[in-house]
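First the structure, in the form of structure tokens, and then the observations on it.
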Amino acid sequence: MRPLYFLLFILFYSALHTLKAQPNVILILTDDQGTLDMHCYGSQDLHTPHMDALAASGLRFTQFYAAAAVCSPSRAGLLTGKTPLRAGLPGNVPIPEKQPGAGMPSSQVTMAEMMKAAGYTTAHIGKWHLGHDADKQPNGQGFDYSFGHLVGCIDNYSHFFYWSGPNKHDLWRNGEEVYRPGEYFPDLMVEEVNHFLEENQRQPFFLYWAINVPHYPYQGYEKWLAHYQQLETPRKEYAAFISTMDEKIGAVMHQLDSLGLRENTIVIFQSDHGHSCEERAFYGGGNAGPYRGAKFSLFEGGIRVPALISWPGHIPQGETRDQMAVSMDWMPTIAELCQIDLPASPLDGKSLQSVLLDKDVPSPHEAIYWQMGEATDPESQWAVRVGDWKLIGHPNDPVQPDRLTEADSLFLVNLSQDIGEENNLARTQPAQLARLKQLYDTWVNALLEEEKAGK
């Protein structure tokens, strides 16, 4: 019997070793972070050493897009690998009092469900904003553990949602309301993340850290407000919050290093869309550089975001990738890097593994599409990009709304010649206009037919 016991021991040890060898994944999603709002992306007034170090340890994208220009659909696209329209959530989720049952359909297969099926322990820390019913909350969408808030934003000390009355408390752990009054939410997130890392260091894990920073209210540390005192409002307040967030990311990366997990952990980072110009955000603060627009806009400043991936020893370090990519790509990319199965349902994202390994490989996308709001709404904002050509339908520019006229209902640009999207070529390039409009029409009609068929 000894040889049999020995063989069983070897098989068990081998299986355990294989399971542990699977790379961990940490997906960091920041909130309302502007296109250039890291020092390594060109913002010379920002101190972001930890995010910069993360970029230096991996690859930084220069033409990376969010799935949408507003919070909920952007998150739906990220977590399902589908365009928000196909994921069933093309617009923001309102509070449940205004629309009970709203949110991403629970029938959608999330990245967490994909990872859980492959043997990963899964966790969500931070902001959710994808639904309030039990089946639409994190624990109903594949996360073993969840800590954070369900609505779009909270005060970081009281954890209340202050928007329109009655104000409501919004802090939850695994579907149960918890109270930590006076404790700074970014600190609580780091505490939760680091505890999760320590508890799960001996098994493969997937962590979705949806940081609610630098989304308003701007509540950075006082020391960072002092550091940026030479800047004008609102850049000062925004910059202080960015550096506070950078400090928190550094604390988590330190924990990852101290546990010896760095080389076996894929770390992905991106913003959910461009910076906010809303009243609660002091009408700005973020930096889109040469790019037009901001949050809510399908101009580049609303959807071109900082994005990077780090996996030391497995992908190149300190390089950039200029290929066109989009947040839906992370799901198939993670599946390929971790060698796990994708869900059976069709995805819009494409694996970026070949792009990660070779800077000269072309983008896996011939075209990328956006749809803000229901496709049946004739005034909804949409866009398509093919190569250097981009067409926006019913564009919105929250930074300079008066610059748009009725003649701009179809806005055509060539990004290689006009990165600031200043000049509408719809009248002078009718062939390109017709080509991109036809591509969009074909795409959106196919999705509407798919929805009608109940696929």
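Assorted remarks:
- When restricted to residues that are in a loop (DSSP other than H, G, I, E, B) and closer than 23 Å to residue 96 by Cβ, region 161-219 contains 18.
- Among all residues of region 261-269, there is at least one that is in contact with a Pro (Cβ under 8 Å, 6 or more places away or on another chain), in the same structural domain as residue 71 (by TED's automatic domain parsing) and surrounded by 24 or more Cβ atoms within 10 Å (Cβ to Cβ).
- Boolean, residue 342 is assigned by TED's automatic domain parsing to the domain that holds residue 105, surrounded by 14 or more Cβ atoms within 10 Å (Cβ to Cβ) and touching a residue at least 60 places away in the same chain (Cβ under 8 Å): yes
- If you go through region 388-397 and keep only what is assigned to a loop (DSSP other than H, G, I, E, B), out of contact with any Gly (no Cβ under 7 Å at 6 or more places or on another chain) and crowded, with 21+ Cβ neighbours inside 10 Å, you end up with just 395.
- Verdict on residue 136 being surrounded by 18 or more Cβ atoms within 10 Å (Cβ to Cβ), within 24 Å of residue 240 (Cα to Cα) and in the same structural domain as residue 302 (by TED's automatic domain parsing): no
- Flag if residue 186 is of a type outside the set (A, V, I, L, M), at pLDDT below 95 and surrounded by 16 or more Cβ atoms within 10 Å (Cβ to Cβ): no
- Condition met for residue 336 (out of contact with any strand residue (DSSP E or B) (no Cβ under 6 Å at 6 or more places or on another chain) and modelled with pLDDT under 95): no
- Scanning region 145-167 for residues that are without any contact (Cβ under 8 Å) to a residue 60 or more places away in the chain, surrounded by fewer than 19 Cβ atoms within 10 Å (Cβ to Cβ) and of a type outside the set (A, V, I, L, M, F, W, C) returns 158, 162, 164, 165, 166, 167.
Quick grid of which residues meet (1) modelled with pLDDT under 95; (2) assigned to a loop (DSSP other than H, G, I, E, B); (3) of a type in the set (A, V, I, L, M, F, W, C); (4) over 25 Å from residue 191 (Cβ atoms):
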residue: 79; (1), (2), (3), (4): no, no, yes, no
residue: 89; (1), (2), (3), (4): no, yes, yes, yes
residue: 105; (1), (2), (3), (4): no, yes, no, yes
residue: 109; (1), (2), (3), (4): no, yes, yes, yes
residue: 112; (1), (2), (3), (4): no, no, yes, no
residue: 119; (1), (2), (3), (4): no, yes, no, yes
residue: 122; (1), (2), (3), (4): no, no, no, no
residue: 143; (1), (2), (3), (4): no, yes, yes, no
residue: 151; (1), (2), (3), (4): no, yes, yes, no
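- Long-range neighbours under 9 Å by Cβ, at least six apart or interchain, first residue in the same structural domain as residue 220 (by TED's automatic domain parsing) and farther than 24 Å from residue 299 by Cβ within region 46-73, second assigned to a loop (DSSP other than H, G, I, E, B) and among the small types (Gly, Ala, Ser): 55/318; 56/318; 57/318; 58/318; 59/318
- Among the conditions (1) of a type outside the set (A, V, I, L, M, F, W, C); (2) modelled with pLDDT of 95 or more; (3) in contact with a Leu (Cβ under 9 Å, 6 or more places away or on another chain); (4) more than 22 Å from residue 366 (Cβ to Cβ), residue 451 misses just one, which is (2).
The values are calculated or read from the model by the stated rules, or taken from the named source; none is laboratory data. All of these numbers come straight from a predicted model, not from anything done at the bench. Here Cβ is always computed from backbone atoms with ideal geometry, including for glycine, and neighbour counts include all displayed protein chains.
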